[in-house]
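Colleague: So that we are looking at the same thing, I have put the structure below in structure tokens.
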Amino acid sequence: MNRHHKTLELDKILELLAEHTACAEARELALGLTPEPSLPLARALLAQTRDAHMLLARFGGPAFGGLQNVNNALRRAQAGSMLSLRELLDVAQVLRILRGIVVWREGCAGVETGLDALFGGISPNKYLEDAIGGAILSEDTVADAASPALADIRRKIRQQESNVRQRLERITRSPQVGKFLQENLVTQRNGRFVVPVKAEFRGEVPGLVHDASSSGATVFVEPMAVVEANNEIKILQGKEREEIERILTELSELAGSFYEPVAAGYECAVELNLIFAKAQLAYDMRGSVPELNGEGKILLRRARHPLLNRDTAVPVDVSLGLTFDALIITGPNTGGKTVSIKTIGLLALMAQCGLMIPAGDQSQMAVFSQVLADIGDEQSIEQSLSTFSSHMTNLIQILDLADPSSLVLIDELGAGTDPVEGAALATAMIEALRGKGAKLAATTHYAELKAYALQTPGVENGCCEFDVETLRPTYRLLVGVPGRSNAFAISARLGMPSVVVDRARALVSGESLRFEDAVDRLEQSRTAAERAKEEAETLRQEAVRALEEAERRKAEAQKRLDQAMETARTQGMRVAEQTKREAYALLAELEKYKKEKETAGDIAELARRARAAVKKGMEAVDAAADPGRAPDLEDEGIYVLPRPLRTGDMVRLAGLGVTGTVLAVPDGGDRSGRQMVEVQAGAMRTRVPLKGLRLLEGAAVPRQDGPRRGGKVTDERGEKSSRLTLSAETRLDLRGMTVDDCLLELDRFLDSAMRSGLHEFTVVHGKGTGALRAAVQKFLKGHPTVKSFRLGVYGEGENGVTIVELK
């Protein structure tokens, strides 16, 4: 690997990448990755990783486990060689993995990516896969189903072996032979069935001796009676081997014919494995895709060194090549200077390798032809090189290689020699590298370089923040601010006598002290500005949250308004439909009387009936078009009387939807403090709360022709109740209803009676089986507004009615 890349620890990143690969060739590709110096190719590599990252997030990744290179075996098969069972099984496994990759991609329907060309290069071969899988069970066994001939041979072998065993078992059980046997069993030696005979009696059992035990006490004899049968088994086994070879040759020839598509598919799968390994590494590092450019611009937002713990590493913001081409970073040791320049170089190499980088969104990274680094102590005893000499050797090589498309990173520039000469060499080196057009990031302790950066356009100071109070670095990189050594402050905090510290400060030149004081004031101003910025950001976030909350509440209010409007619209349509039905019924009734008029002789009677029908129809239309409980602002408790009520005013009872006449103005109120008004509604005279009345201005006092009996009462939804009948005697007729319906009507009537100020009413439920009466009385017993109830007495309806008294 390139020495500069190894210095920046790219090899360790590639090791992490290789751990996510699933096959040997993909691992080799991962370890051998080199940065791509071409901007279009580098962008293409990053685009592939981005697409794989997206597919991983949405669908998970394809399975590459078990992928291996079978190209050599397929080439031999193509040349006519017979593959072994193991090699054919490996081919089938690769085909199965390739097919699984294609099936996985088909499951990501509707998503087009730059990886489709690689997926398209994989051709599944289910035919060859099934042919191998159906013929070979394991690396030692060929299936009987591999061919009809093999199945027939093996069936004959099993039959012959069974016959031989049966014959030998009869021999072992016979008294003449059994006494000469070591054990009464049948076994095999050299593929032939034999029986164990005691060595001293081997002449008593005629046959062929095939083996003897290690102790010599037992010989294994093949009785002459089964020699021919064993020979037949041997012949069949030879035929079995020949048939297996024929099958393997046929399968090898078939596999060899598909060498090219299988090899091409394998190469595509290896490439995909590497790309998805990059995507998985990006997940581990929480990486993002930087915007690549060829202008040498670097803008890293919240960048982290990928080898540091991502939960504890302090992210840095750094730029280079935008307004300046050289960054000089100063600060105390162990403050993070070296890590900062390593992060810049390593992230540049990663991006050019097609790897997502651990940095924030909208980061930018330039593509360089080479990244050159001189970091760390590389003194060599063998080459008689000191630390300074080794650095100078590296810098000379870097000067020879640097060009306008190079990124140069130097740690402790000019260190290891006399400070004056070292600072001069460092300044000259910076000028030489800038003269070649290279982008430069360097660390140093020299105050001369801080001043050089302040005075030179295109060169910028940077520092790693240090907390003097805690004597600990914060590891934050601050661009635009020169660093301080903090030597005096640190020494004093550690307990150095103040006399020594003051003497040391006096020995420093006045110009150096003024420079350090200016840097100190600049640092204080920067800290105050950052604090103010953080407070402003906190206030901004609170304002954003308050705005979002207001928007949410506004949206909820609008939603409730829309729902209320929709409900009102639905109720209006229902009322309109009801009105139309009543009007059509009225017209039909009038048409009916018109026809009767033409045929009947009693004109006066027909006129009376017509007037009654018209009056009834108009009342129904009025009731349908103006439901007593239509939801409006009045019923929400917002209504206010336009003027005080006077005797004779026409009012509407909001709870019942009926009209009445005020008989007496509001009095001082009842025991609960409510103002009560005496109202005449038809034949009913009652006292109702003032807030339950609506003044009907401009309405004439109706002529009282007598009580209106059987008037319909509308329910709260504006629909006429077909059951609830309120007459002058305040009777509720529930006969003919189910228990559930009658309880619903009773509950509504109780509610209306309470709001209208009724104190007693009658429920008509009939006698019948008594089920309805029992349900009504059970309901009344638990109702909070009922004071008492009883069955009717003679003249009231007896057991067919219940008299209810309200509280």
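Colleague: Yes or no: GLU448 modelled with pLDDT under 75 and of a type in the set (Asp, Glu)?
Modeller: Numbers: modelled with pLDDT under 75: no; of a type in the set (Asp, Glu): yes.
No.
Colleague: List every residue pair whose Cβ atoms lie under 8 Å apart, where the two residues are 6 or more positions apart in sequence or sit on different chains, the first residue falls within region 159-175 and is open to solvent by 90 Å² or more (accessible area, probe 1.4 Å), and the second residue, located anywhere, is part of a helix (DSSP H, G or I).
Modeller: Going by the 8 Å Cβ cut-off, the qualifying pairs are ARG167/ALA225; ARG167/VAL226; ARG167/ALA229.
Colleague: Just one of LEU150, LEU208, LEU168, LEU98 is closer than 30 Å to VAL70 by Cβ and touching a strand residue (DSSP E or B) at 6+ places or on another chain (Cβ under 9 Å); which is it? Quick ask: steps written out before the conclusion?
Modeller: Values: LEU208 fails: closer than 30 Å to VAL70 by Cβ; LEU168 fails: closer than 30 Å to VAL70 by Cβ; LEU98 fails: touching a strand residue (DSSP E or B) at 6+ places or on another chain (Cβ under 9 Å).
Matching residue, one of LEU150, LEU208, LEU168, LEU98: LEU150.
Colleague: Further question on the same structure: Can you tell me which of LEU454, LEU425, LEU413 is under 23 Å from VAL339 (Cα atoms), surrounded by 14 or more Cβ atoms within 10 Å (Cβ to Cβ) and of a type in the set (A, V, I, L, M)? Show your work before the answer.
Modeller: Values: LEU454 fails: under 23 Å from VAL339 (Cα atoms); LEU425 fails: under 23 Å from VAL339 (Cα atoms).
Answer to the check: LEU413.
Colleague: Additional query: Kindly indicate whether GLY203 is out of contact with any strand residue (DSSP E or B) (no Cβ under 6 Å at 6 or more places or on another chain), small (Gly, Ala, Ser) and open to solvent by less than 30 Å² (accessible area, probe 1.4 Å). It would help to see each step written out before you state the result.
Modeller: Working: out of contact with any strand residue (DSSP E or B) (no Cβ under 6 Å at 6 or more places or on another chain): yes; small (Gly, Ala, Ser): yes; open to solvent by less than 30 Å² (accessible area, probe 1.4 Å): no.
Taking the combined requirement at face value, the residue does not satisfy it.
Colleague: With respect to GLU222, determine if the residue is buried (at least 18 other Cβ atoms within 10 Å of the Cβ), over 30 Å from ILE97 (Cβ atoms) and among the acidic types (Asp, Glu). Walk me through how you get there before you give the answer.
Modeller: Details: buried (at least 18 other Cβ atoms within 10 Å of the Cβ): yes; over 30 Å from ILE97 (Cβ atoms): yes; among the acidic types (Asp, Glu): yes.
Yes; evaluated as a whole, the condition is true for this residue.
Colleague: Name every residue in region 774-800 that is touching a Ser or Thr at 6+ places or on another chain (Cβ under 7 Å) and under 15 Å from MET737 (Cβ atoms), in order of residue number.
Modeller: Within region 774-800, VAL776 is the sole residue that qualifies.
Colleague: Checking the condition open to solvent by less than 60 Å² (accessible area, probe 1.4 Å) and modelled with pLDDT under 70, which residue from ARG521, ARG526 passes?
Modeller: Of ARG521, ARG526, the one residue that is open to solvent by less than 60 Å² (accessible area, probe 1.4 Å) and modelled with pLDDT under 70 is ARG526.
Colleague: For region 268-294, name all the residues that are within 17 Å of LEU14 (Cβ to Cβ) and in contact with a strand residue (DSSP E or B) (Cβ under 9 Å, 6 or more places away or on another chain).
Modeller: Within region 268-294, ALA282, MET285, GLY287 qualify.
Colleague: Kindly indicate whether ARG310 is outside any strand (DSSP E or B) and surrounded by fewer than 22 Cβ atoms within 10 Å (Cβ to Cβ).
Modeller: The answer is yes for ARG310.
Colleague: Something else: Of everything in region 101-136, what is farther than 30 Å from ARG50 by Cα and touching a Leu at 6+ places or on another chain (Cβ under 9 Å)? Give them in sequence order.
Modeller: The initial filter retains those residues of region 101-136 that are farther than 30 Å from ARG50 by Cα, namely 126-136.
LYS126, TYR127, LEU128, GLU129, ALA131, ILE132, GLY133, ALA135, ILE136, listed by residue number.
Colleague: GLY61 - would you say it is at pLDDT below 95 and surrounded by fewer than 16 Cβ atoms within 10 Å (Cβ to Cβ)? First the steps, then the outcome.
Modeller: Numbers: at pLDDT below 95: yes; surrounded by fewer than 16 Cβ atoms within 10 Å (Cβ to Cβ): no.
Answer is no for this residue.
Colleague: Follow-up. Those residues that are under 27 Å from the mean Cα position of the chain (by Cα) and assigned to a loop (DSSP other than H, G, I, E, B), I need them from region 36-69; list them, please.
Modeller: Filtering region 36-69 down to residues under 27 Å from the mean Cα position of the chain (by Cα) leaves 45-65.
Passing the criteria: GLY60, GLY61, PRO62, ALA63, PHE64, GLY65.
Colleague: For residues that are touching a helix residue (DSSP H, G or I) at 6+ places or on another chain (Cβ under 9 Å), open to solvent by 30 Å² or more (accessible area, probe 1.4 Å) and in a helix (DSSP H, G or I), scanning just region 73-88, find the one that is nearest to THR141 (Cα to Cα). Spell out how you get there, then give the answer.
Modeller: Taking region 73-88 first, the residues touching a helix residue (DSSP H, G or I) at 6+ places or on another chain (Cβ under 9 Å) are 73-85, 87-88.
Remaining after also requiring open to solvent by 30 Å² or more (accessible area, probe 1.4 Å): 75-76, 78-82, 84, 87.
Checking which are in a helix (DSSP H, G or I) leaves us with 75-76, 78, 87.
Numbers: ARG75: 24, ARG76: 22, GLN78: 24, GLU87: 13 Å.
By that ranking, first place goes to GLU87.
Colleague: Ok, one more. Can you confirm whether ALA264 is open to solvent by 40 Å² or more (accessible area, probe 1.4 Å), over 25 Å from the mean Cα position of the chain (by Cα) and among the aliphatic types (A, V, I, L, M)?
Modeller: Values: open to solvent by 40 Å² or more (accessible area, probe 1.4 Å): yes; over 25 Å from the mean Cα position of the chain (by Cα): yes; among the aliphatic types (A, V, I, L, M): yes.
Criteria met by ALA264.
Colleague: Tell me, which strands (runs of 3 or more DSSP E) lie completely within region 90-205 with 1 or more residues that are in contact with an Asp or Glu (Cβ under 9 Å, 6 or more places away or on another chain)? Full working, then the answer.
Modeller: Working: elements: 136-138, 187-189, 192-198.
In region 90-205, the matching strands (runs of 3 or more DSSP E) lie at 187-189, 192-198.
Colleague: For region 60-74, check the following and say yes or no: at least one residue is of a type in the set (Gly, Ala, Ser) and farther than 28 Å from CYS108 by Cα. Step through it out loud before you land on a result.
Modeller: Looking only at region 60-74, we keep the residues that are of a type in the set (Gly, Ala, Ser), and these are 60-61, 63, 65-66, 73.
Applying the additional criterion that residues be farther than 28 Å from CYS108 by Cα yields 73.
Among the residues of region 60-74, at least one is of a type in the set (Gly, Ala, Ser) and farther than 28 Å from CYS108 by Cα, which makes the answer yes.
Colleague: Please find, within region 773-788, the residue that is nearest to GLN675 (Cα to Cα) out of those that are in contact with a Lys or Arg (Cβ under 8 Å, 6 or more places away or on another chain) and open to solvent by less than 70 Å² (accessible area, probe 1.4 Å).
Modeller: Ranking the candidates gives THR785 first.
Colleague: Going through ARG731, ARG773 one at a time, which residue ends up being at pLDDT 85 or above and either touching a strand residue (DSSP E or B) at 6+ places or on another chain (Cβ under 6 Å) or farther than 29 Å from ALA654 by Cβ (or both)? Explain how you work it out, then say what you get.
Modeller: Numbers: ARG731 fails: at pLDDT 85 or above.
The unique qualifying residue is ARG773.
Colleague: Could you tell me which residue of region 412-445 is nearest to LEU327 (Cα to Cα), considering only residues that are part of a loop (DSSP other than H, G, I, E, B), of a type outside the set (A, V, I, L, M) and at pLDDT below 90? Give the steps one after another, and end with the answer.
Modeller: Of the residues in region 412-445, the ones part of a loop (DSSP other than H, G, I, E, B) are 412-418, 436-438, 444-445.
Narrowing the set further to residues that are of a type outside the set (A, V, I, L, M) leaves 412, 414, 416-418, 436-437, 444-445.
Those left that are additionally at pLDDT below 90: 412, 414, 416-418, 444-445.
Working: GLU412: 13, GLY414: 15, GLY416: 21, THR417: 22, ASP418: 23, THR444: 11, HIS445: 14 Å.
Out of the qualifying residues, it is THR444.
Colleague: Another one. I need the full set of residues from region 241-254 which are of a type in the set (D, E, K, R) and surrounded by fewer than 17 Cβ atoms within 10 Å (Cβ to Cβ), in order please. If you could, list the steps in order and put the result at the bottom.
Modeller: At the first step, the residues of region 241-254 found to be of a type in the set (D, E, K, R) are 241-243, 245-246, 250, 253.
Result: ARG241, GLU242, GLU245, ARG246, GLU250, GLU253.
Colleague: Another question about this same structure. Report whether or not THR443 is of a type in the set (Ser, Thr, Tyr), open to solvent by 30 Å² or more (accessible area, probe 1.4 Å) and either in contact (Cβ under 8 Å) with a residue 12 or more places away in the chain or on the phi < 0 side of the Ramachandran plot (or both). Let's see the steps before the verdict.
Modeller: Values: of a type in the set (Ser, Thr, Tyr): yes; open to solvent by 30 Å² or more (accessible area, probe 1.4 Å): no; either in contact (Cβ under 8 Å) with a residue 12 or more places away in the chain or on the phi < 0 side of the Ramachandran plot (or both): yes.
So THR443 fails the test.
Colleague: Please go through region 773-801 and give me each residue that is of a type in the set (Lys, Arg) and in a strand (DSSP E or B), ordered by number. I'd like the intermediate steps shown before the answer.
Modeller: As a first pass, look at region 773-801 and keep what is of a type in the set (Lys, Arg): 773, 778, 781, 787, 790.
Scanning region 773-801 gives LYS787, ARG790.
Colleague: Among the candidates VAL713, VAL763, which residue alone is at pLDDT below 75, within 27 Å of ARG687 (Cβ to Cβ) and open to solvent by less than 20 Å² (accessible area, probe 1.4 Å)?
Modeller: VAL713
Let's see how each residue does on (1) out of contact with any strand residue (DSSP E or B) (no Cβ under 8 Å at 6 or more places or on another chain); (2) under 26 Å from LEU29 (Cβ atoms); (3) surrounded by fewer than 24 Cβ atoms within 10 Å (Cβ to Cβ):
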| position | (1), (2), (3) |
| --- | --- |
| VAL339 | no, no, yes |
| LYS342 | no, yes, yes |
| LEU346 | yes, yes, no |
| GLN352 | yes, yes, no |
| ILE357 | no, yes, no |
| ASP361 | no, no, yes |
| GLN364 | no, no, yes |
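Colleague: When region 33-44 is examined, which residues are found to be open to solvent by less than 50 Å² (accessible area, probe 1.4 Å) and either touching a helix residue (DSSP H, G or I) at 6+ places or on another chain (Cβ under 6 Å) or within 22 Å of LYS12 (Cβ to Cβ) (or both)?
Modeller: Passing the criteria: LEU33, PRO35, GLU36, ALA42.
Colleague: Hey, another quick one. I'd like the full set of residues that are open to solvent by 70 Å² or more (accessible area, probe 1.4 Å), touching a residue at least 60 places away in the same chain (Cβ under 8 Å) and more than 23 Å from ARG304 (Cβ to Cβ), limited to region 1-32.
Modeller: LEU29
The values are calculated or read from the model by the stated rules, or taken from the named source; none is laboratory data. None of these values were measured; they are calculated from a predicted model. Here the Cβ is made from the backbone with ideal geometry for all residues, glycine too, and neighbour counts use every protein chain on show. Accessible surface is based on the protein model in full, side chains and every heavy atom, while ligands, DNA and RNA are left aside. Shrake-Rupley method; radii C 1.70, N 1.55, O 1.52, S 1.80 Å.
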